[in-house]
Amino acid sequence: MEILDAHTGLYALARIGAFWKIMYYRFMNHESARPEQGPGKELGEKFFAENVIDQGMGAYNEDALFIAGKRMGVFDGATSLDGWKNGAGETGGFLASRIAKDTAARADEEASPREALLSINERLVETMRQEGVDTSKKSNRWALTSALIQVRERTFQWAQIGDSTLLVLYKNGSHKILGNDTDFDIESLSMWEPLVQQGVKNAFQHPVMREQIIKIREQSNVTYGFLNGEKDAEKFIAHGEEPLQNVLAILLFTDGLTIPKTDPRTPNDLETIKNLYLEKGLRAVQEYVRDLENSDPKCRLYTRFKTHDDIAAIAVRSQE
């Protein structure tokens, strides 16, 4: 496609200031994020993982990821809508994703991904209270979405909440989503689009949009899941265990890696993500997304809240 052929010059400009990491972990050679190895060391198949972390438009990257042995995951932090920041100027979304990353990486090796998410939820509310955050309103709470996996001997355990994606690719060419295929921004983006088309420069601050965004946040853990310290978040954690047999790859990513859409009501383009990843790797997906965004900096063609969102993504691929 032409946009792929033309991406080099565009992306060289767009990535200034972005934070990049691509790391490879060869599980069978014991190259992990931590020196100790969990139960996954007994895995009979060889896998490697690559990851991409890329900051969007904000002052902080509110997405995060971790790889600890054969447990790994991504987190998409959501800042409180009251504008809270700590003394260092760090937002609630930034702190939430860092708390999640630290908690999950330090979790007991026998803990399931679901148990790790529950621990993260507890730590979030504890930290918010220590920081003096008024948690009586959902819109004041720090929050996040997440997708986690734990590779075992012949299976992998998983847990997911919110709009972070867990996509499994199979050796027969098929794929499936694990967890909730949730997009709680559809209604807000549908209202956002006409404001942008009318030339409203800061649609986020428009009274109609502010009211809408607060309304959607107040629906968290009622109509959709968010880790925000509320006990009701537990009801929205999807989880399970899947066989590794016939699995080609497992992709975990935050919504910043989804392909931009002209109509927010249409399904996410998983085929393009799958094909780009299989052909050129995870970074190729990230570059493709950024090129589309760069072609529409004012967000008039591809409906979204900002030119670039943060990205955190991990891909685990079979070597057999």
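The values are calculated or read from the model by the stated rules, or taken from the named source; none is laboratory data. Just so it is clear, the model here is predicted, and its values are computed rather than measured. When we count neighbours, we look across all protein chains shown, and the Cβ atoms used for this are built from the backbone with ideal geometry, even at glycine.
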From the list 258, 272, 262, which residue is of a type in the set (Val, Ile, Thr), closer than 18 Å to residue 73 by Cβ and touching a residue at least 12 places away in the same chain (Cβ under 8 Å)? 258
Name the pairs: first residue in the stretch 97-108 and outside any helix (DSSP H, G or I), second residue of a type in the set (Lys, Arg) and buried (at least 17 other Cβ atoms within 10 Å of the Cβ), Cβ to Cβ under 9 Å, at least 6 apart or on different chains? 107/71
Looking at 228, 246, which is the one that is surrounded by fewer than 20 Cβ atoms within 10 Å (Cβ to Cβ) and among the polar types (S, T, N, Q)? 246
Restricting the stretch 264-281 to residues that are among the polar types (S, T, N, Q) and in a loop (DSSP other than H, G, I, E, B), the residue that is farthest from residue 180 (Cα to Cα): 266
When restricted to 284, 249, the only residue in a strand (DSSP E or B) and of a type in the set (Gly, Ala, Ser) is 249
The stretch 217-246, residues that are part of a strand (DSSP E or B) and modelled with pLDDT of 95 or more: 227, 238, 239, 240, 241, 242, 243
Could you count how many residues in the stretch 68-93 are free of Cβ contacts under 8 Å to residues at least 60 places away in the same chain and in contact with a Lys or Arg (Cβ under 7 Å, 6 or more places away or on another chain)? 3
Of a type outside the set (Val, Ile, Thr), at pLDDT below 95 and within 14 Å of residue 312 (Cα to Cα) - does that describe any residue in the stretch 63-75? no
State the number of residues belonging to the stretch 145-181 that are under 22 Å from residue 305 (Cα atoms) and either surrounded by 21 or more Cβ atoms within 10 Å (Cβ to Cβ) or of a type in the set (A, V, I, L, M) (or both). 7
When residues of the stretch 300-320 are limited to those that are surrounded by 19 or more Cβ atoms within 10 Å (Cβ to Cβ) and farther than 20 Å from residue 149 by Cβ, the one farthest from the chain's Cα centre (by Cα): 303
Verdict on residue 120 being surrounded by fewer than 23 Cβ atoms within 10 Å (Cβ to Cβ), under 26 Å from residue 244 (Cβ atoms) and among the β-branched types (Val, Ile, Thr): no
I'm checking my understanding of the structure. Among residues of the stretch 157-209 that are of a type in the set (Asp, Glu) and outside any loop (DSSP other than H, G, I, E, B), which one is modelled with the lowest pLDDT? 193
Within the stretch 124-156, take every residue that is part of a helix (DSSP H, G or I) and not aliphatic (A, V, I, L, M) and give me the one that is farthest from residue 220 (Cα to Cα). 130
